[in-house]
Amino acid sequence: MASSNEKPGPAPTSVGEGPTPPGKPTSMGSHVLDKGAAMMQSLKPVKQMKQHACTFALYGHDLTRQIETHHYATRLNQDFLQCAVYDSDDSSAHLIGVEYIVSDRIFETLPPDEQKLWHSHAYEIKAGLWTNPSVPEMLQKPELENLIKTYGKFCCTWQVDRGDRLPLGAPSLMMSPQPVNLGKVHPDLVERREVKYKISTEDLKESRMEMEEPEWINPNADYWKLHGKGFAVDVVPAEMKRIAPFP
């Protein structure tokens, strides 16, 4: 069955030339429906996305595979953020996954086996890898000081970096950059982002030197750092429940 560390076979719809994903041009009728829906529907969940953060993520089963990610975040309260994750900030960006972010206070209440699926954010923030494009660093600081003590759980459903034109295979658990061996972000990824947004990651790092780091990062997070083992998601057959509950 499908596993997140295996490349699935090509889908029938992925053959031929054209943009990703494959498909016919949007019809005029669909354009009209979209315009009308945007005028008449509230779209409340989407409108709660107040932040755009750009950072990098590593595949939990293969840290050499790294991608630039764009998180559009909704704050449900001071201890919980939920993010729709895209591969770019263009209008044609692909929705590639979702990340949940919790405070250290909530993280410490999770069972150990659950904590192993999460990653810390302290390093990527201190290193200038996490940034809100176009927002002055001074305005970002208060939010960064909260995020530096948080943990994230990021599931990628579309592995665009391997050329998938559709979201194929099992979801992948993603990890955050870290200052050790395979956890370091590829320089070409960082340079490409610097050119696009006209920023210096090194300058961001220097501006955050005095930012207070967490006194303790739970060792169950970033599990691979201590144990050298990542996580792959497998899809396995399971017996279906054949008896419906009595109404």
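The values are calculated or read from the model by the stated rules, or taken from the named source; none is laboratory data. Remember, predicted model here, so these are calculated numbers, not experimental data. Ideal geometry is used to build each Cβ from the backbone, glycine not excepted, and the neighbour counts take in all protein chains shown. These area figures cover heavy atoms from the full protein model, side chains too; ligands, DNA and RNA do not enter into them. Shrake-Rupley method; radii C 1.70, N 1.55, O 1.52, S 1.80 Å.
So here's what we get for this one:
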item	result
GluC sites (Glu not before Pro) restricted to DSSP loop in the range 143-216 with at most 11 other C-beta within 10 Å	Glu210, Glu212, Glu215
Filter on Lys50/Lys116; Lys116/Lys149; Lys149/Lys225 - keep pairs with C-alpha separation over 21 Å	Lys50/Lys116
Cut-off under 5 Å, modelled amide H: who pairs with Tyr59 long-range	Arg65, Met175
Among Thr201, Met138, Asn220 the positive-end extreme of the charge dipole of the range 135-227 (Cβ point charges)	Asn220
Charge dipole (debye, nearest 20) of the chain; +1 at Cβ of Lys and Arg, -1 at Cβ of Asp and Glu	780 debye
Portion, in percent, of the accessible area of the chain that falls on carbon or sulfur, probe 1.4 Å	59 percent
Calculated [θ] (222 nm, deg cm²/dmol) that DSSP helices of n ≥ 4 give over the chain, each run adding -39,500 (n - 2.57)	-6500 deg cm²/dmol
Where Val98, Val236 fall by accessible area, highest first, once all protein chains stay in place (1.4 Å)	Val236, Val98
Neighbour count of at most 12 Cβ within 10 Å plus DSSP loop: longest trypsin sites (Lys or Arg not before Pro)-free window in the chain	1-197
For the range 160-166, Karplus couplings with θ = phi - 60° (6.51, -1.76, 1.60), whole Hz, Gly/Pro x	5, 5, 9, x, 4, 8, 9
Global geometry of the chain, whether rounded, prolate or oblate, following the gyration tensor of its Cα atoms and the 1.5 cut on a/c	rounded
Hz values of 3J(HN,Hα) by residue in the range 83-92 - Karplus curve (6.51, -1.76, 1.60), Gly and Pro given as x	10, 7, 10, 10, 8, 6, 10, 7, 5, 9
Accessible area of the range 90-229 divided out per residue, in Å², using a probe of 1.4 angstrom	52 Å²
